1. Check Thr32: other-chain or 5+ apart residues with amide H under 5 Å from its amide H, H built from backbone geometry?
2. When only Cα pairs under 8 Å and 6 or more residues apart are kept, what is the percent relative contact order across region 45-123?
3. Per residue, how much accessible surface does region 28-67 expose to a 1.4 Å probe? Answer in Å², no decimals.
4. Please turn the phi angles of region 27-37 into ³J(HN,Hα) values with the Karplus equation 6.51 cos²θ - 1.76 cosθ + 1.60 (θ = phi - 60°), one per residue in order, whole Hz, x for glycine and proline.
5. Hey, any idea what % of the chain's accessible area is carbon plus sulfur with a 1.4 Å probe?
6. Could you please state, rounded to a whole Å, how far the C-alpha centre of region 20-42 is from the C-alpha centre of region 1-16?
7. With θ set to phi - 60°, apply the Karplus curve 6.51 cos²θ - 1.76 cosθ + 1.60 along region 95-104 and write out the HN-Hα couplings as whole Hz, x wherever there is a Gly or Pro.
8. Checking the cross-link filter: which lysines have an alpha carbon closer than 25 Å to that of Lys75, excluding same-chain neighbours under 8 positions apart?
Amino acid sequence: VQLVESGGGLVQAGGSLRLTCVASGRTDSWYTIGWFRQAPGKEREFVAAISGSRGSTYYADSVKGRLTISRDNAKDTAYLQMNSLKPEDTAVYYCATAPTYYISSDLREYDGWGQGTQVTVSS
């Protein structure tokens, strides 16, 4: 499966962005989709994930209430709506797929990755 992210950019603190992840190739609607991010000098970290079967969601504590993950299986597309952005949200954001029915925050379980999209939040 190939994943392509888009929607990143520069935004002021308190602003919003909507990231999009389009999948192509061998796609399966039951796959879990996750969003991760990596800031300069830091390890890649989990942000949010959504299951394929029931659309259950799970978020990192740092983004709860501000970011919302969703998916449209008919379009092979996932989204990350980002509101009330903070400078500490600045990072490259990646979407990824995991061949699991359950939601995982462990990046080792994800075997398909996009190239990332840069999100920069100015103070």
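1. Amide H neighbours of Thr32, under 5 Å, 5+ apart: Gly52, Ala98, Thr100.
2. 30
3. 52
4. Using θ = phi - 60°, the values come out as 10, 10, 5, 7, 4, 7, 10, x, 10, 10, 9 Hz.
5. Here it works out to 47 percent.
6. Answer, in whole Å: 13.
7. 9, 8, 10, 10, x, 10, 7, 9, 7, 10
8. List returned: none.
The values are calculated or read from the model by the stated rules, or taken from the named source; none is laboratory data. None of these values were measured; they are calculated from a predicted model. Heads up, the Cβs are rebuilt from the backbone with ideal geometry, glycines too, and the neighbour counts pull from every protein chain shown. Note: areas computed on protein heavy atoms with side chains; ligands, DNA, RNA excluded. Shrake-Rupley method; radii C 1.70, N 1.55, O 1.52, S 1.80 Å.
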